[in-house]
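A.B. asks: The structure under discussion is supplied below as structure tokens; questions concerning it will follow.
The values are calculated or read from the model by the stated rules, or taken from the named source; none is laboratory data. What you are looking at is a predicted structure, and each value in this text was computed from that prediction instead of being measured. As a convention, Cβ positions derive from the backbone with ideal geometry for all residues, glycine included, and neighbour counts pool all protein chains shown. Ligands, DNA and RNA are stripped out before the accessible areas are found, and what is left, the full protein with its side chains, is counted by its heavy atoms. Shrake-Rupley method; radii C 1.70, N 1.55, O 1.52, S 1.80 Å.
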Amino acid sequence: MRQLILNLIESAPKFPNWIISATISTLSEEDSEYFENEFRINKINFNASTIEIWPQHIDPITNKATLGIVLNFPTPQIDPKIVHQTVVEILKDTLREKHYERYIADIIIHSDIPKDEALFELSELKQYLEDL
């Protein structure tokens, strides 16, 4: 699909002072209320807006990020696979699956906020990835 869009842009007629471009919309642009949706994991409720993120590693060859994730609730009592799967689905909902696959190599859930990292919110993730 991406290649078809690029071909269309390249074949578009050239007009002075016109820039033809295409963007992929994300859930964050379409419905900012999504970040206040409540999710539930093993009797624990949380909002997507409370997910905090930082880049742990950027692969210099693929330019894909491994993201550190901190949730606003303790996760030791919850099966780590369930937590991981839930957060991945939230990220895919936020970015759309193709953007997720394009920009993210993996995520690592942490129980503590790192001291030396600049954290950002889930709503800022799309812009961060596009700026890589």
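A.B. asks: Is it fair to say P74 is at pLDDT below 85, surrounded by fewer than 12 Cβ atoms within 10 Å (Cβ to Cβ), in a loop (DSSP other than H, G, I, E, B) and not polar (S, T, N, Q)?
C.D. replies: So P74 fits the description; yes.
A.B. asks: Take the residues in segment 80-91 that are open to solvent by less than 70 Å² (accessible area, probe 1.4 Å) and not hydroxyl-bearing (S, T, Y); name whichever of them is nearest to the chain's Cα centre (by Cα).
C.D. replies: My answer is L91.
A.B. asks: Something else about it: Tell me whether segment 46-64 contains one or more residues that are among the β-branched types (V, I, T) and either over 25 Å from E124 (Cα atoms) or modelled with pLDDT under 75 (or both).
C.D. replies: Filtering segment 46-64 for residues among the β-branched types (V, I, T) gives 50-51, 53, 58, 61-62.
From what's left, either over 25 Å from E124 (Cα atoms) or modelled with pLDDT under 75 (or both): none.
There is no residue in segment 46-64 that is among the β-branched types (V, I, T) and either over 25 Å from E124 (Cα atoms) or modelled with pLDDT under 75 (or both).
A.B. asks: Touching a residue at least 60 places away in the same chain (Cβ under 8 Å) and among the charged types (D, E, K, R): is that true of E52 in this structure?
C.D. replies: In short, yes.
A.B. asks: Suppose we filter segment 92-121 for residues that are farther than 13 Å from G68 by Cβ and either among the hydrophobic types (A, V, I, L, M, F, W, C) or surrounded by 13 or more Cβ atoms within 10 Å (Cβ to Cβ) (or both); how many remain?
C.D. replies: Residues meeting the conditions: 10.
A.B. asks: Only residues in segment 65-93 that are without any contact (Cβ under 8 Å) to a residue 12 or more places away in the chain count as the first member; pair them with residues that are part of a helix (DSSP H, G or I) and not polar (S, T, N, Q), Cβ under 6 angstrom, at least 6 apart or cross-chain, and list the lot.
C.D. replies: What qualifies is K92/Y100.
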